[in-house]
Amino acid sequence: MIPKYGNTYDVNDPDPFWKQDNNCAGYAVSDDCQWRFEEMMLVTFTPDVCTDGTIVGCEHLVAYARFNISSAIVEQAYLQFSTTIFTCIVLTIAFMVFSHDTEYIVIRPIK
């Protein structure tokens, strides 16, 4: 059993161990899974002894696991949003500076 919180246990948690969610387990995910397909990462492993022919009969052996990466997806969305806001601020300041310079250098002398 693997603890949910690393090497420490939460005293208030009645079940401190990680358990498989049957709706999200397996190679094909059920429609009842609480996470979207993009929020899960499928990792596969095939032993080298099976692929190079050292052991006969395990050519099709594949171990796989799904990991919940929803927190990384949320963090990525926040960072993209922050980048968009920063770009808008930079463009606004650049527009204001360029507009002021254009008024001062080009339009005033023409008037």
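Taken together, the values in this text are just the output of simple stated rules run on the coordinates, not laboratory data. For clarity, every value in this text was computed on a predicted model and none was experimentally measured. Here the Cβ positions follow ideal geometry from the backbone for every residue, glycine too, while neighbour counts run over all protein chains shown.
Normalised by the number of residues in segment 20-68, the average gap of Cα pairs under 8 Å and 6 or more apart makes the relative contact order 34 percent. Listed from fewest to most Cβ neighbours within 10 Å, the set Cys88, Cys50 follows the order Cys88, Cys50.
Ranked by how many other Cβ atoms sit within 10 Å of their own Cβ, fewest first, the residues His60, His100 fall in the order His60, His100.
Give, as a single signed number, the net charge of other residues whose beta carbon lies under 13 Å from the beta carbon of Glu39, with Lys and Arg counted +1 and Asp and Glu -1. Kindly include the intermediate steps, with their values, before the conclusion.
Working: positive: Arg36, Arg66; negative: Asp21, Glu38, Glu75.
In short, -1.
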